[in-house]
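The values are calculated or read from the model by the stated rules, or taken from the named source; none is laboratory data. Note that the structure is predicted; figures quoted are calculated from it, not measured. Cβ atoms come from the backbone with ideal geometry, glycine included; neighbour counts cover every protein chain shown.
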Protein chains: 2
Amino acid sequence: MNAPARPHSLTPELALREVPQVLLDALNAHFGSRCATGLAVREQHGRDESVFDVPPPAVVVFAESTADVVAAVALAAQYRVPVIPFGVGSSLEGHLLAVQGGISIDLGRMNHIVAIHPEDLTVTVQPGVTRKQLNEALKSSGLFFPIDPGADASLGGMSATRASGTNAVRYGTMRDNVLGLEVVTASGEVIRTGTRARKSSAGYDLTRLMVGSEGTLGVMTEITLKVYPLPEAVMAATCAFSTLADAVNTTIAIIQMGVPIARCELLDGNTVRMVNQHSKLGLAEVPMMLMEFHGSPAGVQEQIAMVQDIVNDNQGHGFSWASTPEERTRLWTARHNAYFAGVQSRPGCRCVTTDTCVPISKLADALLESVDEANAAGIPYFMVGHVGDGNFHMGYLIDPNSATERETAEHLNGKLVARALRLGGTCTGEHGIGLHKMDFLLTEVGTGSVAMMRAIKIALDPHNILNPGKIFSL
Amino acid sequence: MNAPARPHSLTPELALREVPQVLLDALNAHFGSRCATGLAVREQHGRDESVFDVPPPAVVVFAESTADVVAAVALAAQYRVPVIPFGVGSSLEGHLLAVQGGISIDLGRMNHIVAIHPEDLTVTVQPGVTRKQLNEALKSSGLFFPIDPGADASLGGMSATRASGTNAVRYGTMRDNVLGLEVVTASGEVIRTGTRARKSSAGYDLTRLMVGSEGTLGVMTEITLKVYPLPEAVMAATCAFSTLADAVNTTIAIIQMGVPIARCELLDGNTVRMVNQHSKLGLAEVPMMLMEFHGSPAGVQEQIAMVQDIVNDNQGHGFSWASTPEERTRLWTARHNAYFAGVQSRPGCRCVTTDTCVPISKLADALLESVDEANAAGIPYFMVGHVGDGNFHMGYLIDPNSATERETAEHLNGKLVARALRLGGTCTGEHGIGLHKMDFLLTEVGTGSVAMMRAIKIALDPHNILNPGKIFSL
């Protein structure tokens, strides 16, 4: 229980466990054509958006029901073989890599919306439902689900990593928006956590324990979420700043004044340049803030007036406003395209993404120094920030074949995380620990807290079959 | 681990563990005059607002620092004796009763505000700081802490029970407002959970696991909380309804429309009558809604206009509005005095308080039937509701010497909880499980989830010294 955390390595430690033929036979018997051992399918389920090279899982099963998940987990438990839930594969830190081999359970076919309760502002979904699919289904009811991590991730994956994204500054993260779960435990038992009530003091908060546990404590098979009435008025805005410091100070003031802003994003000038190249936008290549306001028409106007004053105080300029969905989308194009523009600015590169989050007053210290360091290191990067939360991402664009560049990116990430922790922040605002941040977690929370996490893991998964080798070493 | 839950009994099962003289000597050596074994002090620490009769703890120590808590817990661990955190004793379900004997740690002297970070909207406090004390300290910074459970509870106690109260409909509960903790574990180790960042995906959410764990997983010694800018405008309102159904339907519509109301409370006519008798208010003895609106001046006016329309649609009348603090207090007198007015309406009575919370669309079903049942049973009661959350409290006013009345109250509570669970709700919105709701918890979450809670408890507190005998049997 007190083993040191895995070092912050680019070569994950493998401890492959054999998947015996008798287990494969049993999976075949249950899943039939939904059990796949072909290399292509396995490889597709053995990689995510991280930079790690790990052999794929031994077998992939496609679950269509909770009973399927129970069957797979029960067999994994019987043979003490790892079992790794798979959504759409958009996680960033190696969460789903089969470092100990085993079974990947693809939950993508569990994509039914179980219930929509507009009268209670709740929905219940299977884990394979994606956020866009949910919002499509909600459209006619005048409701929406706000959490938007960029990728069209599955709600199971978003719950498992405690995801958030651009709307979290107003609507919170998955932590705040999951009301309850159906979970298959390590022994293959089905439990329920939470209810559809808005609040509860009924015992330990198993819902919150499962949210963010990255598949290591159970497989989520049903998720009950809060949803929200579509705001009466939505306004989007962008504006430009001469310096990154001015943009960051604008953000800090908006949050400190308590403006209930719905989105508050930032790109640095370097990233705007990449977006211009990618999408021919012709934007001024200076730091750019992107905002969205939700509320009543008068409330939105009030928010805008307050923000405009703050922006003016900080030498912002080039304000653009938009209220129709089409105009808003156009205005936000730079933000939507930033990741791809960044990655495509260097053909063949891989992206090492950082994810620190700091108390809002420390955002300038955290962000400006990190940008300066990246510039000094001469590594190509893009920078996007959910700055209203104090959360920003540097995307270091490295040649995957260059050990030097990988080391440089990791070194910059290490310095950036150390700075965030020194400033009272966290190594990960929304991406999770996975394989990549295990040593950062240890530094952040200390050996005692990691020992407590391990104790919980051992208690709930004594044979370490649920996505083993993630979050902490065991 | 699979022992049945304790029956829903009025006579808690005692399993007293001896506190040996050598332990008392060691506590005396450390705490000196802050270690008390006199009956009066022990009795004061051996009762809360519940109806249970349990012998007091063997000894009370008054902690003044984390080091004191470490010393007490380490000694308790060494001698395998229970240790029970004590705040102000305002819990309602027997949480702090020494059903297995042991040491009460009074945290009331750990009442320092460690840090106020107005620039980040966070504060860090010791667990003995009460909510009113915190708000007094925040006054000059233009901030406030919204969670208001009625009693001037300690923030440690409020965290331990996942408390909420009148403002939760807008600001959430302690679950949403605790950012991080310092905790003394069962082995006497000090750990930290969370950071001052607004969000994090760093490993298991130990903060949320501790919040609501009722002192059974650790003793909180420092709490970092979100605070909020004082709203620019605050308006209070009351109005009256001819029927309880009209009042409840008004509430449901307000929530479904997404009005960002800050407080939304309800008293039934019977309770207004008690308040009139107690405080000579001369209010119409019909159902009464009490509301508060926070925001910009224009935003508050918008909310009021929407609510007024909804109230009119539901035959509400007698609207009163107030904006100054004094007028708001006057308007809310009925709500503030409801508990005492209820209890004092029957001299010598004890109050058995219920705490169900249901999805908002089910509030009418849950509340109206419960009131009808209480009336049919002929038991005196008051009813107050944080109805905006779907949460309401029946206070059955029983003669503590009448076994029949106690049984009637418990019977009504049982029916009310069964109804809430049937409607998708919870047995406790904000008071916690304690001794009183252990069987309800089992019914609500099922044996599998309670087994998971037990497994966590055993993993983190293998000798069962931290407030044993609460939430579930062990």
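Here are the numbers for the structure shown:
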item: Hey, B:Leu283 in contact (Cβ under 8 Å) with a residue 60 or more places away in the chain, more than 13 Å from chain A (Cβ to nearest Cβ), surrounded by 15 or more Cβ atoms within 10 Å (Cβ to Cβ) and not hydroxyl-bearing (Ser, Thr, Tyr) or not; result: no
item: Single match in A:Ala186, A:Ala151 (criterion: in contact (Cβ under 8 Å) with a residue 12 or more places away in the chain, within 14 Å of A:His431 (Cβ to Cβ) and either not assigned by TED's automatic domain parsing to the domain that holds A:Val211 or not acidic (Asp, Glu) (or both)); result: A:Ala151
item: Residue ID - surrounded by the fewest Cβ atoms within 10 Å (Cβ to Cβ), chosen from residues in segment A:398-453 that are of a type in the set (Val, Ile, Thr) and without any contact (Cβ under 8 Å) to a residue 24 or more places away in the chain; result: A:Thr404
item: Residue satisfying all of: in segment A:39-54; in a loop (DSSP other than H, G, I, E, B) and modelled with pLDDT of 95 or more; nearest to A:Val99 (Cα to Cα) among these; result: A:Gly46
item: Criterion violated by A:Phe392 - all others in (1) away from every other protein chain (no Cβ under 14 Å); (2) crowded, with 18+ Cβ neighbours inside 10 Å; (3) outside any helix (DSSP H, G or I) satisfied; result: (1)
item: Filtered residues of segment A:159-170 (kept if within 15 Å of A:Glu265 (Cα to Cα) and crowded, with 22+ Cβ neighbours inside 10 Å); result: A:Ser164, A:Gly165, A:Thr166, A:Asn167, A:Ala168, A:Val169
item: B:Val88 vs. criteria in contact with an Asp or Glu (Cβ under 8 Å, 6 or more places away or on another chain), under 19 Å from B:Gly156 (Cα atoms), β-branched (Val, Ile, Thr) and in contact (Cβ under 8 Å) with a residue 24 or more places away in the chain; result: yes
item: Only listed residue being crowded, with 21+ Cβ neighbours inside 10 Å and either in a loop (DSSP other than H, G, I, E, B) or of a type in the set (A, V, I, L, M) (or both), chosen from B:Gly150, B:Gly156, B:Gly128; result: B:Gly128
item: Residues (polar (S, T, N, Q) and assigned to a helix (DSSP H, G or I)) located in segment B:331-366; result: B:Thr333, B:Asn337, B:Gln344, B:Ser361
item: One residue from B:Leu412, B:Leu421, B:Leu441 being closer than 30 Å to B:Val272 by Cα, within 13 Å of chain A (Cβ to nearest Cβ) and not in a strand (DSSP E or B); result: B:Leu421
item: Failed item, numbered, when A:Ser187 is tested on (1) within 7 Å of chain B (Cβ to nearest Cβ); (2) small (Gly, Ala, Ser); (3) out of contact with any Ser or Thr (no Cβ under 7 Å at 6 or more places or on another chain); result: (1)
item: Candidates B:Thr207, B:Thr238, B:Thr271, B:Thr250 - the one that is more than 8 Å from every other protein chain (Cβ to nearest Cβ), within 30 Å of B:Pro468 (Cβ to Cβ) and β-branched (Val, Ile, Thr); result: B:Thr207
item: B:Glu326 vs. criteria closer than 22 Å to B:Pro229 by Cα and surrounded by 21 or more Cβ atoms within 10 Å (Cβ to Cβ); result: no
item: Residues being more than 16 Å from A:Leu209 (Cα to Cα) and crowded, with 24+ Cβ neighbours inside 10 Å - total across segment A:454-466; result: 1
item: The lone exception for A:Val169 - which of (1) outside any helix (DSSP H, G or I); (2) over 29 Å from A:Pro82 (Cβ atoms); (3) within 11 Å of another protein chain (Cβ to nearest Cβ) it fails; result: (1)
item: Answer from B:Met291, B:Met257 - the residue that is buried (at least 23 other Cβ atoms within 10 Å of the Cβ), free of Cβ contacts under 8 Å to residues at least 60 places away in the same chain and either farther than 18 Å from B:Ser320 by Cβ or touching a Cys at 6+ places or on another chain (Cβ under 6 Å) (or both); result: B:Met291
item: Strands (runs of 3 or more DSSP E) completely within segment A:189-288 that count 1 or more residues being touching a helix residue (DSSP H, G or I) at 6+ places or on another chain (Cβ under 6 Å) and among the hydroxyl-bearing types (Ser, Thr, Tyr); result: A:190-193, A:219-226, A:233-241
item: Boolean, A:Leu266 is surrounded by 19 or more Cβ atoms within 10 Å (Cβ to Cβ), touching a residue at least 12 places away in the same chain (Cβ under 8 Å) and among the hydrophobic types (A, V, I, L, M, F, W, C); result: yes
item: For B:Asn111: the one exception among (1) on the phi < 0 side of the Ramachandran plot; (2) part of a loop (DSSP other than H, G, I, E, B); (3) buried (at least 20 other Cβ atoms within 10 Å of the Cβ); result: (3)
item: Residues of segment B:20-37 classified as closer than 10 Å to B:Val59 by Cα and within 29 Å of the chain's Cα centre (by Cα), total; result: 3
item: B:Ala160 closer than 18 Å to A:Arg175 by Cβ, under 23 Å from the mean Cα position of the chain (by Cα) and in contact (Cβ under 8 Å) with a residue 60 or more places away in the chain; result: no
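Residue-wise test of (1) within 11 Å of chain A (Cβ to nearest Cβ); (2) modelled with pLDDT of 95 or more.
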| residue | (1), (2) |
| --- | --- |
| B:His117 | yes, yes |
| B:Val123 | no, yes |
| B:Gly150 | no, no |
| B:Met158 | yes, yes |
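Residue-by-condition table, conditions (1) at the interface with chain B (Cβ under 9 Å from one of its Cβ atoms); (2) buried (at least 22 other Cβ atoms within 10 Å of the Cβ):
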{"site": "A:Lys139", "(1), (2)": "no, no"}
{"site": "A:Thr173", "(1), (2)": "yes, yes"}
{"site": "A:Asp176", "(1), (2)": "yes, no"}
{"site": "A:Val219", "(1), (2)": "no, yes"}
{"site": "A:Thr243", "(1), (2)": "no, no"}
